[in-house]
Amino acid sequence: MNLIALVVALPLLGAFLLPVGARSVGWVGRLLGPALLLLTSLVVIVLWRDSGGVPSHIELGGFQPPLGITFYLDQLALVFALATSLLALLLWPHAAWRDARVAALMLLMVSAASGMALSGDLFNLYVFYELVSVASFGLVAAPKTGAALAATLRYVIISGMGTVMALTGIALIYTQTGTLNLAHLTLLSATTLDNTLGLTAFVLILLGIGVKAELFPVNIWVPEVYATASQRVSALLAGLISKLAIIVIIRLLVLLFPQPEALTLLLVIGALGVLLGELAAWHAKDFERMLAFSSIGQLGLVLMAFSIPGQAGLFAGLAVAMHHLIVKPALFVLAERWSGGFAGLAGAGWKSPWAAGLFILFALSLIGVPPLPGFWAKLMTLLGLLGQDNWIYWTGAGIILLATVFEANYLFRFGLGLFKAGSESRSAKVPVHDAGSLGPSLILGAVLLIATVMITPVGNWLAGVADQLADRELYVTTVLGAGRELP
Amino acid sequence: MRNLTSPLFAAGLAFFLLVVVAEFEPGAAPMVVGQAILQEAPETTGTANIVTAVVLGYRGIDTLGEIAILFTASLVAGLVLERRGGKRQAQAPAGNVLRISTQLLFPLMLVIGFYIILHGHLTPGGGFQGGVILAAAFFLPLLARPGIQVRHFGLAVTEGLAGSAFIVIGLIALFQGGAFLQPLFGTGSPGQLLSAGSLPILYLVLGLKVGAELAGLLAHLVYEGSET
Amino acid sequence: MIWITGLLVVVMLLAALAVIFFNNHVAAVAAASVVSLALSVLFLLLKAPDVAMTEAAVGAGLSSLILALALRRLGLTQTGAASATDEREKNR
Amino acid sequence: MSMVFDLQWILYTGAIGLIAIGLVGIIWSRHLFRIILSLAIAEAGANLMLVIAGYRLHGHAPIMVAGVWPEQMVDPVPQAMVLTAIVIGVGIQALALSLAIRVKEAYHSLDIDEIRAAMQADIDAQAGVTGDLSQEEPSGREVIGPTVAAEEGRS
Amino acid sequence: MSLLDALLLTALGTLIATLATVRTRWVGYVASLGLGLQLLVLFLLAPLGYGAPAVTSGLAWDLFGQPLVLRYDAMSWYFALITLGAGLVSSVYATGAWSDHYRAAGRSPGWLQFALALNVFTMLLLLASGDFLSLFIAWELVSWASFLLMALAAGPALKWSLRYITYATAGAMSMLAALGIVFHLTGSLNYADFMAAVDQWSVGLITLLTVLFGAGFAVKMGILPFHLWQAGAYAETPGPGMAFLGAISSRMGLYGMMLVWVQLIGLIRLIEVHIPLTFLSLRDVLMWIAAFTIILPTYTALKQNDARRLLAWHGIGQGGYMLMGILSASALGSAGGILHIFNYATNQAVLLLAVFAVVYRTGTADLNKLGGLFTRMPLTFVAMLVGIIGLAGIPPMNGFVSKWMVYRSLLSEGMPLLFVASVIGTLGTILSVYKLIHNTFLGQLRLEHEPVQEAPWSMVIPMMVLALIIFLTGFMPGIVLDWVAAVQAAVGLPVLPHTLGGVADAHGGLDMIMLVLVLFAGFGVSALLFYATGRSEPVHQLDNYAGGHFLSADVRYHYSDHFYAGLMHRIGHWYRGSFLWFESVVASLASFLAQWSATFYRLMQPALPMLAMAVIVLWMVS
């Protein structure tokens, strides 16, 4: 089982060697990145098959868990590690083929992202989170236009503040508990973290890691960065990295801070995110920013789903998160050719019907039109929210319903704009999608359709993952082993 | 609006943190894991400096993450600052005093740097501190003779090789059946220069990498354009 | 022991305030290096020699160097006591 | 003992003071360079808090020296963490400064508001969209606006 | 593999077959054949229409712990019959000549047929829903299918279909909220638990559920506050699509209302729920909404100059009658309401097909530019004549039977004010319907319409069949009343005793057979007198005089421009467009909020909200 460390080590090795070797070895250097990603996804698949669904852990450096750092491999971690490699492979930015440094940044991001999914140590999660954000600074600033650089700078400042808050949170936790291993912390949390100090630490870490998870107060950077960065990088950031940040928060929530106030806090932040995101998206007048605001709204929805107490909440949250993981990158890839204001895109649907068809499919799934998985995810969330006897949860459900109406309006305002007839719209200047530019969207669309057809097995599997995530005792016994004497 | 609210909010945050912090009993860190490491570290890793044992042994992946962050930071700084064939500002030639003192200081700083790196597992200090000193050492000639070309390619190669060496050592442990980044070659006798198995090698490699990276970073900052 | 820590903390906080309120950028960088120097001595008092060395080498040494170089590249190195406002007109 | 209590109070006021001053610096100052500096200050404060977390009164440095027993030593784990945190801080600072250099070249100013306005104008121009602050075309009119229904007669 | 599965599978088969042949010429025939097959299978299910127990489908899923049950009962069968009837007629109408005309205009009739088949399939699925979850899923599919049908004709239709889908999503979301509340209260989504638990719920909860479910259905049905989208959206739908939508699509809302209000919650509870500070009960409020839904849209129809818009506004008005009848909860009234669904479907379909036949020939539906087509298109004229007689509710046609039953029940149930309101509505109907036939067929033929011939047979046959159905069900309403009685039994309303000729009750009831025979006897005598005595002589349409002197042939003396100008002069100021104003208030409020949130992201300095949030939350936490 120790081979899982390769998932973090190999891309890192590739990243270190790429800037050195790229000039001399030419195309081998270019292919090194995708090859490594293929290798890591194979490793994850093999390990997943062997583990057969039973969570296990590995000790890095061979030291006993509470002292050393451990990687915890349950279904959730493995699925996100696999998703990281596959999605990065699918969305390999065009700049990465030309410039070895961008390829190195991508490899760093992938290794840190899978590290974040797997790691079972508080400070280690922070280091991987920091590596992901520094790598994303590089990828976002890659276009080197004035706007991209300014947007990245504002992003660096707000991430810097997030770092400070996360560090303070970790310091508080360490002062109180004296350990960093999540399993050990879970044992101690009942006695030490179940008070205002625990909540303060949670709030600080939530804001710290929330920068990447596009939580309400700290997602000011999202529209600027997604509008200026290259679309595939935005796809990766919006689709994958934000989910990983949320998964980290949820793992901390489930293991260390099971207090109800934390859940209501998540709900309030999520609700504000949904409301502001969807309203701003309705107001946006160009495609990228509409997608950026819609991703803020969707992530607010993910947070609200996770804020439902108990296993139902985790199940609904995972469903919405996985659905957004598939749909948003595909939409951003569509934005590669269809970037810019809506006026310029009037009638673009006639010239590239496949792209328009894909957009309609993804829009329907985002809104939650039945047979598509988006509907089941939203239904689970709403039933969960309305199932609580608490008026805040009911207002949350109301906000989701209101936001869906706005979502339907702005998505199909753009969708129908694609088919606006009229002579000038058929002119040459309308951007056209061809097979090359649609590749990733087509694959993700196929995945969505497969999930639609096999909704019951996918649902049961997700319920299994949610059960494992919700089970704190399983986590502690797997990592620390039953009955071990602890320092 | 900003000038009023920011001090207010900062004061509020400080107040809450103080209220929360006041509950800790003074100066008595629980040291739940710390005490166990202090007992166990000398035997398992064989280092005198327990912090090095923690940095490279117990929390090795943290340090790997750390040098990756530094590598990314200097990579991005290079990516952003580099411009092909940028004009070289005509800088005033440094005075004689600076030139001569740099010639004197350069070997001295190299010695100090390597000393600190190699004794990382015995005395305080190690890869990071030594690497910074090496970077400063490489930076001095730039101050002395502003016009000289910086061998960026050389720096990049050392940086890449050192980083991959760090990982390769970890992988060797993995492929020998142990865990990733497991200390190798036994522990040797504590207190000796050649003790603590693979840790000193890791620190050496780390020092070289940090040194090369920061030198590259400083070079990028100094020059407008630079050939790579 | 208490007095030294107390003194250091006061110096550190004053230097931190100075970083924000000094008009002249070079002075601000100097104040920043004072903060990290005071911090590294504090780390020594807290029995963390490794961290003290790192803070001294990286915090005081390297970051001040990087800040100074950046100042030169940004063209803000005039040492006169120009006030922040007219300096903004200058670099417009 | 009062002496112990004062030491801890001094240290924590120092740490939290640094963080607070850093955060104020980031928000209050208009000049980009000062914001990056204040960020460094805030991170220094956070590092100090981490080290304080591991300090034990009358403890010894965690170096195996003759005559010092492990029980007397200070907690080594936070020191390892701070090592990493300091170097991360410098890494981000260097990155921010290089970005600031290029932003100054692009927008010829280091005032945070001017940069934001110029960036927003760039993004709007690149997307071919008129900024919605302009009064001539109030936004969102066409969505379900009454004009749509007007021509088919009032109801 | 019950008959219901056969029905659904044939519907799916038609859908796939239409999709396969969408590019070819004979897609119309494939679609019509498929719909005909479905109608045949429905006839095999006929016992349902006569009180047989519900048929449940073999396909049952269990999704996330919620069983999805598909079953047909008398009500579903009745609605399915109308859906398939309307679908078949529209599909046949859309094949042949009309499709060539449509293809010449640059659009593809194949996709229209596909959209029709998709709408029929989703509606059959909706009618088969056996629990709340399948009801909601099918409901969303129906709204999105009709969105596809509306958005097919690009151009102005895009704006209207976007408006429709916004309303429809709002309605669906209110239904989803109700669904969530029901799940929270009963822990499951099937009807049996709901009906068992509804007794213990408080008055407020029942009102909330009624309103939430009702809002969802009212949007589709076009009940008053949510009616603004319907006229424009239906009018922009291409030809037969509009006939289908006008006939049955908005009645799915009525199916939902009957299912939830009448069958699950039960009208008795709605009557018990008293609105504080007023003497009205919840049911009375709903009936008054239905009454206003009759009046306002009908008088807006009066002002329309486009025939399609006129009939679309009528669709909304007539919906009010059906709702009024059902809510009267008496055997006679509810039977009238349910019968009116069938009657109005046939009337609306035949009128729309006639209008589109006129459009096919003359190219325009603008009532100010038509006239005197009676001489050129006699069969279409007959079809429209039968349609407007039925719509106005004049004896020989079926419209009279259902309107009579509704009026009679309003009086016997003691609701005179509602009776007055619906009579005002009927007045509006007669006025606007007369405008339709006068401006199109009566008066003098225009110069440019001289060469116009009768519509091709592929369009006339469906119209004639519909006209025949209207007359037959008017002459012998008993045929449909059997099905209506079965529906009443299935839904839990008192069943109406009826005979082949009409209603039999103590106060003399209604016998249409006798009435029609007497009517025809009267016509016969007057026709005999008119033709036999030879006094009459045919006069050319243009040989007329006004004010004592003759008009030359080139002067067309035809009162069709701004037909009701005089009437409008008097009641014009009553049209204040209050609903339009309310809608634009909501729209501008939403756009203001959106602009503020966009500016929040544009202007806000990144660090301040983070610090603010940290402090606020810490304060709350401590």
Given the structure, is C:V51 within 10 Å of chain B (Cβ to nearest Cβ), surrounded by 23 or more Cβ atoms within 10 Å (Cβ to Cβ), β-branched (V, I, T) and in contact with a helix residue (DSSP H, G or I) (Cβ under 8 Å, 6 or more places away or on another chain)? yes
Among helices (runs of 4 or more DSSP H) entirely inside the range E:526-622, those with 3 or more residues being modelled with pLDDT of 80 or more, over 30 Å from E:A231 (Cβ atoms) and more than 14 Å from every other protein chain (Cβ to nearest Cβ) are none
A:M322 vs. criteria surrounded by fewer than 22 Cβ atoms within 10 Å (Cβ to Cβ) and either assigned to a helix (DSSP H, G or I) or at pLDDT 95 or above (or both): yes
When restricted to E:P225, E:P238, the only residue under 25 Å from E:V350 (Cα atoms) and surrounded by fewer than 24 Cβ atoms within 10 Å (Cβ to Cβ) is E:P238
Does B:L161 count as over 19 Å from B:Y58 (Cα atoms) and without any contact (Cβ under 8 Å) to a residue 12 or more places away in the chain? yes
Tell me the residue from E:L496, E:L510 that is outside any helix (DSSP H, G or I), touching a Leu at 6+ places or on another chain (Cβ under 7 Å) and at pLDDT 80 or above, please. E:L496
Assuming E:A11 fulfils every condition listed in (1) more than 30 Å from E:S188 (Cβ to Cβ); (2) assigned to a helix (DSSP H, G or I) apart from one, which condition is it? (1)
Of all residues in the range B:12-53, count the ones that are of a type in the set (G, A, S), touching a Leu at 6+ places or on another chain (Cβ under 8 Å), in a loop (DSSP other than H, G, I, E, B) and free of Cβ contacts under 8 Å to residues at least 40 places away in the same chain. 1
Let me confirm something: among A:A96, A:A113, which residue is farther than 30 Å from A:G481 by Cβ, in contact with a helix residue (DSSP H, G or I) (Cβ under 6 Å, 6 or more places away or on another chain) and part of a helix (DSSP H, G or I)? A:A96
Could you say whether any residue in the range E:186-197 is under 18 Å from E:L68 (Cα atoms), assigned to a helix (DSSP H, G or I), among the aromatic types (F, W, Y) and away from chain A (no Cβ under 12 Å)? yes
Restricting to the range D:21-34, give me the number of residues that are in contact (Cβ under 8 Å) with a residue 24 or more places away in the chain, within 12 Å of chain B (Cβ to nearest Cβ) and part of a helix (DSSP H, G or I). 1
All positions within the range E:288-315 that are of a type in the set (D, E, K, R) and closer than 16 Å to E:F244 by Cα: E:R308, E:R309
Restricting the range D:46-69 to residues that are facing chain B (nearest Cβ under 10 Å) and under 17 Å from C:L13 (Cα atoms), the residue that is surrounded by the most Cβ atoms within 10 Å (Cβ to Cβ): D:M49
Select from the range B:56-79 the residues that are in contact with a strand residue (DSSP E or B) (Cβ under 9 Å, 6 or more places away or on another chain) and outside any loop (DSSP other than H, G, I, E, B) and write down the one among them that is farthest from A:V140 (Cα to Cα). B:Y58
With the requirement that a residue be in contact (Cβ under 8 Å) with a residue 60 or more places away in the chain and buried (at least 20 other Cβ atoms within 10 Å of the Cβ), what does the range E:170-190 give you? E:L189
State all residues of the range D:87-105 that are more than 7 Å from every other protein chain (Cβ to nearest Cβ) and either under 15 Å from the mean Cα position of the chain (by Cα) or buried (at least 24 other Cβ atoms within 10 Å of the Cβ) (or both); if no residue qualifies, say none. D:G89
Conditions first: (1) at the interface with chain A (Cβ under 8 Å from one of its Cβ atoms); (2) surrounded by 22 or more Cβ atoms within 10 Å (Cβ to Cβ). E:G155 passes all but one, so which condition is the exception? (2)
Can you pull out every residue in the range A:174-185 that is within 11 Å of chain B (Cβ to nearest Cβ) and part of a helix (DSSP H, G or I)? A:Y174, A:T175, A:Q176, A:T177, A:H184, A:L185
Taking the criterion of being under 17 Å from C:L37 (Cα atoms) and free of Cβ contacts under 8 Å to residues at least 24 places away in the same chain, would at least one residue in the range D:57-69 satisfy it? no
Residues of the range A:69-93 satisfying the condition of being within 14 Å of chain B (Cβ to nearest Cβ) and either in contact with a Pro (Cβ under 8 Å, 6 or more places away or on another chain) or outside any strand (DSSP E or B) (or both): A:Y72, A:L73, A:P93
Limited to the range A:192-210, what total is found for residues that are of a type in the set (A, V, I, L, M, F, W, C) and at the interface with chain E (Cβ under 8 Å from one of its Cβ atoms)? 4
Given the condition aliphatic (A, V, I, L, M), surrounded by fewer than 24 Cβ atoms within 10 Å (Cβ to Cβ) and either more than 18 Å from A:W461 (Cα to Cα) or touching a helix residue (DSSP H, G or I) at 6+ places or on another chain (Cβ under 8 Å) (or both), answer yes or no: does some residue in the range A:299-317 qualify? yes
Within the range E:482-538, residues among the aromatic types (F, W, Y) and in contact with a Phe, Trp or Tyr (Cβ under 8 Å, 6 or more places away or on another chain) come out as E:W483
Taking the range A:353-391 and keeping residues aromatic (F, W, Y) and over 12 Å from E:L176 (Cβ atoms) leaves A:W354, A:F359, A:F362, A:W376, A:W391
Is it true that some residue in the range B:168-181 is polar (S, T, N, Q) and surrounded by fewer than 18 Cβ atoms within 10 Å (Cβ to Cβ)? yes
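Yes/no per residue for (1) closer than 21 Å to A:V20 by Cα; (2) of a type in the set (D, E); (3) at the interface with another protein chain (Cβ under 9 Å from one of its Cβ atoms); (4) not in a loop (DSSP other than H, G, I, E, B):
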site	(1), (2), (3), (4)
B:A137	no, no, no, yes
B:L143	no, no, no, yes
B:P146	no, no, no, no
B:G177	no, no, yes, no
B:L204	yes, no, no, yes
B:G216	yes, no, no, yes
B:A219	yes, no, no, yes
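Residue by residue, here is whether (1) among the small types (G, A, S); (2) within 19 Å of the chain's Cα centre (by Cα); (3) buried (at least 24 other Cβ atoms within 10 Å of the Cβ) holds:
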residue	(1), (2), (3)
A:L73	no, yes, yes
A:A77	yes, yes, yes
A:S85	yes, yes, yes
A:A96	yes, no, yes
A:L108	no, yes, yes
A:A112	yes, yes, yes
A:M116	no, yes, yes
A:D121	no, no, yes
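The values are calculated or read from the model by the stated rules, or taken from the named source; none is laboratory data. Nothing here was measured: the structure is a model prediction, and the numbers come from that model. Here the Cβ is made from the backbone with ideal geometry for all residues, glycine too, and neighbour counts use every protein chain on show.
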